[in-house]
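Asks: One structure coming up, written as structure tokens, with questions to follow.
No lab work stands behind these numbers, since they all come straight from the coordinates. Note that the structure is predicted; figures quoted are calculated from it, not measured. Cβ coordinates were reconstructed from backbone atoms using ideal geometry, including for glycine residues, and neighbour counts include every protein chain displayed.
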Amino acid sequence: MLKTAYIIIFISLLVNSAFSQTDWVRWGKADYKYEKQNNFRHRNYGIESETVSGFISKVTANAYWFFISDLDGDNCPFRPSCSSFFVEASKETNIIQGTLMFFDRFTRDFNLYKRYEHYPRVKDGHYYDPVDMYKLEKDKIKYIPPGVIVSK
């Protein structure tokens, strides 16, 4: 029994010394990058617009991006994000209808139960919910069935 214990100790020391660090092979410093790649930070903060409603929506979205969204991070489950949806909706329609479309979208984002199974998805895992799916003109609506993975 004592002989078996000596053999086990000898083998464990042999295995540990075989994989130990030597002077001629030094471990280098690991270069880890802990930043998450966020594409949402590549925003156009310009305020040039062709219409007054586009200008107002762009200034409002820029203020939201600068004071809230950039500090809070990428928490919107949708693509395009809610603020980008507001800008696009205001450009496509008008400021009043764009605001109503934004609040509809924002209440879906704020839903307590978070049931998103009826939205298509983007490859990065976000839900795809563009302005084109909510236009009031029947022939301009682009319906995408749920569960489909789209490439923006």
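Asks: In region 50-150, with Lys and Arg counted as +1 and Asp and Glu as -1 at Cβ, which of these residues, THR60, TYR143, PRO77, has the Cα nearest the positive end of the dipole, that is, farthest along it?
Replies: The residue sitting farthest along the positive end of the dipole is TYR143.
Asks: For region 50-150, what log10 I(q)/I(0) values come out of the Debye formula at q = 0.11, 0.13, 0.16, 0.25 1/Å, with one point per alpha carbon and no solvent?
Replies: Reported log10 I(q)/I(0), two decimals: -0.34, -0.48, -0.72, -1.42.
Asks: Ranked by Cβ crowding within 10 angstrom, fewest neighbours first, how are PHE103, PHE78 ordered?
Replies: Ascending number of Cβ neighbours within 10 Å: PHE103, PHE78.
Asks: Fewest Cβ neighbours within 10 Å first, please rank GLU48, GLU92 accordingly.
Replies: If I rank by nearby Cβ atoms, fewest first, I get GLU48, GLU92.
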